[in-house]
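J.: The following block contains the structure, expressed as structure tokens.
The values are calculated or read from the model by the stated rules, or taken from the named source; none is laboratory data. Since we're looking at a predicted model, the values are computed, not measured. Cβ: placed from backbone, ideal geometry, glycine included. Neighbour counts: every protein chain shown.
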Amino acid sequence: MSESPFPRDPEAPAPEAPAPDPAEPPRPPAYTPGSVQPRLNRPLHERYPQIRPTSGYGDPRIRHTGPGPGAGVEQEPERSAKLTARLALALSVVVGQLWGLTIVVNEWMSGDTGTAWWGAGFLVLSFLVVLGLWLLDPKDR
């Protein structure tokens, strides 16, 4: 393994190479270029000689697989607390609406339409509260 594991610096002076034979036609590049920089067009095993076919499952340097430390941890706890509080408030309003709808339907069926209209007003007011919570912070949508 006489090659260096690191690629040559592109700004470094090129090593002295023997002059090409003028009788020999120029050979095409060994790989298809995908970049303007020739050093990036080398095959993977030349660009990263430290990666071997057994890297990963057979590499003794790898002891633990999976996400690194801190994965899955809440990055913005203040935002999470605010959203949780708004969700709890909205859910309590929804439960109140369901309870109010039950009362309104019972009163309407028993013939007490005056109480049913007050209940319907309560349901509309509850809907407006939830709509206000939704409009409170538009960047969280």
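J.: Only residues in segment 24-46 that are over 15 Å from R8 (Cα atoms) and modelled with pLDDT of 70 or more count as the first member; pair them with residues that are assigned to a helix (DSSP H, G or I) and not basic (K, R), Cβ under 6 angstrom, at least 6 apart or cross-chain, and list the lot.
T.: Every condition considered, the pairs that remain are S35/N41.
J.: Go through A81, A71 for me and flag whichever is modelled with pLDDT under 80 and aliphatic (A, V, I, L, M).
T.: Working: A81 fails: modelled with pLDDT under 80.
Just one listed residue meets the conditions, A71.
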